[in-house]
Every structure is written in structure tokens, then in C-alpha cells.
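In what follows, a structure is listed as C-alpha cells, so that the remarks can point back to it.
Each reported figure results from applying straightforward, stated rules to the coordinates on display, with no laboratory input. None of these values were measured; they are calculated from a predicted model. When we count neighbours, we look across all protein chains shown, and the Cβ atoms used for this are built from the backbone with ideal geometry, even at glycine.
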């Protein structure tokens, strides 16, 4: 009986209650070339996990422009060149203060960083660190984002 209820829930009822994934845009910030290339990680505000700059789409901006804006606000990327096509996507569970969470699909755009600033909007809320792709893949939690960093090593 338990198996029948579980199957009914997972195949019929659960999909009816699921909301579509929300969409965010992220910046895969990098500097240097080939074996010397480094990637910028920042800490999340609440949990202090290592993440890449990301945020909700901004009306009037293309997705890659939004990624560049998030790189400025969250990591202090003053100037950089954002790619026009997403490098990939990853999904994570966005946690609300209420304890509820929901899935978010995140488009990741490459950002070649040319200038950083020490003074930026979220400078006092986050830490930032330049690391290799290998180190970044070990420092982030999301498996699909780990894979994006692993793909950068090839």
C-alpha cells in the first residue's frame, strides 16, 4: 500500500503542486590565461558558502549584461567582458527566511575580468577569493556548478 501511495504522489500529485523553476543569471568571473587562469568565488551573505555572483534578471538588460551587473554589485568587478552565450546552467534550492525553499535554474555567463574595485555595493557583506578551476570545483556545493568548473580545466 505504501508503494502505491508513493507512486501516486510522485507521478501524479507532486508534479501538480510543483512550481516551475525560477531563473537567475550568474557570472563565471575569470582572469589570466590557460594554466594560470583563476576564477572568482564569493561568499553568500547568509550561509557564507562559496558561490559565484548571481541574481534575478534585470528588466532592460540582456542576461549577460545582468551577469556583469551582479559581478559588480556582489564581487567588485569594475570592468569585464561578458560572453554572449551561457557557458552552462546549474540548479540550486533557494532558501527563504520562512524555511521554505524552491528550485532556481541559473544561467552562467563567462566574464573576463579586466579591473576590480575594493569599494563596491556588497563589499562589507561578502568575501571574495581568486582560485583555480580545480579548487573552485571543490569549494562550491552545487554538482552542476562543480561540473562547469571541471569543464574549464579541459
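Take the Cα of residue 37, step 7 Å toward its Cβ, do the same at residue 105, and the gap between the two points is 2.5 nm.
Taking label positions 7 Å along the Cα-Cβ direction at both residue 58 and residue 150, the computed distance is 3.3 nm, reported to one decimal. Put a dot 7 Å past the Cα of residue 127, heading toward its Cβ, do the same for residue 44, and the two dots end up 1.6 nm apart.
Based on the alpha-carbon gyration tensor of segment 19-152 and its eigenvalue square roots a ≥ b ≥ c, which shape applies: rounded if a/c is under 1.5, prolate if not and a/b is larger than b/c, or oblate?
The shape class here is rounded.
Against the longest principal axis of the chain, how steep is helix 143-152, in degrees 0 to 90 to the nearest 10, with axes from Cα atoms? It is inclined by approximately 30 degrees.
Figure legend: label point modelled 7 angstrom from the Cα of residue 114 along Cα→Cβ; residues of segment 60-94 with amide N under 11 Å from it are 79-82.
Each Cα pair under 8 Å and six or more residues apart adds its sequence gap; the mean of these over the residue count of segment 19-152 is a relative contact order of 32 percent.
Considering only beta bridges that DSSP places wholly inside segment 19-152, some 70 percent are antiparallel.
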